[in-house]
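Report on the structure given below.
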Amino acid sequence: MDPRTWLDSWPVFRQLTGTDPLGRGSAAMSKRSAELAPRTVTADRVVASVCPFCAVGCGQRVYVKDDQVIQIEGDPDSPVSRGRLCPKGSASKQLVTGPGREHTISYRRPYGTEWEELDLDTAMDMIADRVIKTRNETWQWAEDGKRTRRTMGIASLGGATLDNEENYLMKKLYTAMGAIQVENQARI
């Protein structure tokens, strides 16, 4: 290998002898990095969204290719975050595409030692039956001579990944069921 070719491949030499004395541009690029392109270039479309992790509501741009999310970045047009995302927001692509994401319903029977998979209809029916049973067993029409019309047997603790619309609907649902213990993790 020619010594000059070898020296030209060395970033420090390019920085000292080239037009990039601070090493922030061409001097810092390798042949491989010069050939790289952002994965957002191949996207079919960009969808405006809001980060689901907290109540701040940072804007996101979701890049989609062949109906699959390929990248999520901050939205520079967002007046809330101006294109910036916290570490959780930056990693939100994992919510959709992460290998650890569950796609099945697992259930362990009382006193059971093994998990079993359930179909969605069965799981939803089990939840509905338990909600109705608990509400009926713990319903209070009155306490200490005052009308209460409530249940103390059902409570909700929402997660910080829920957006405002989901929290609103959950509050409406639990209030309609008579539950008064409704809280959210984002407020704690």
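The values are calculated or read from the model by the stated rules, or taken from the named source; none is laboratory data. Predicted model only: the values in this text are computed from it and were never measured. Neighbour counts are summed over all protein chains in view; Cβ atoms, including those assigned to glycine, are modelled from backbone coordinates with ideal geometry.
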Criterion: closer than 18 Å to G89 by Cβ and β-branched (V, I, T) - qualifying residue of V12, V56, V41: V56
Among residues of segment 19-53 being under 20 Å from D77 (Cβ atoms), among the hydrophobic types (A, V, I, L, M, F, W, C) and surrounded by 11 or more Cβ atoms within 10 Å (Cβ to Cβ), the residue modelled with the lowest pLDDT is F53
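Out of E73, E102, which single residue is under 19 Å from L162 (Cβ atoms) and of a type in the set (D, E)? Please lay out each step first, then the result.
Working: E73 fails: under 19 Å from L162 (Cβ atoms).
After ruling out the rest, the residue left standing is E102.
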Among all residue pairs at least 6 apart or on different chains, which show Cβ distances below 8 Å where the first residue, located in segment 123-141, is touching a residue at least 40 places away in the same chain (Cβ under 8 Å) and assigned to a helix (DSSP H, G or I) and the second is of a type outside the set (A, V, I, L, M, F, W, C) and surrounded by 13 or more Cβ atoms within 10 Å (Cβ to Cβ)? R135/T151; R135/G153; R135/G178
If you go through segment 144-158, how many residues are at pLDDT below 90 and either surrounded by fewer than 13 Cβ atoms within 10 Å (Cβ to Cβ) or assigned by TED's automatic domain parsing to the domain that holds C58 (or both)? 1
Within segment 113-126, identify whether any single residue is exposed (fewer than 15 other Cβ atoms within 10 Å of the Cβ), more than 30 Å from I180 (Cα to Cα) and within 23 Å of the chain's Cα centre (by Cα), and answer yes or no. no
Kindly check whether there is at least one residue in segment 79-90 that is surrounded by fewer than 10 Cβ atoms within 10 Å (Cβ to Cβ), more than 12 Å from C51 (Cα to Cα) and assigned by TED's automatic domain parsing to the domain that holds P52. yes
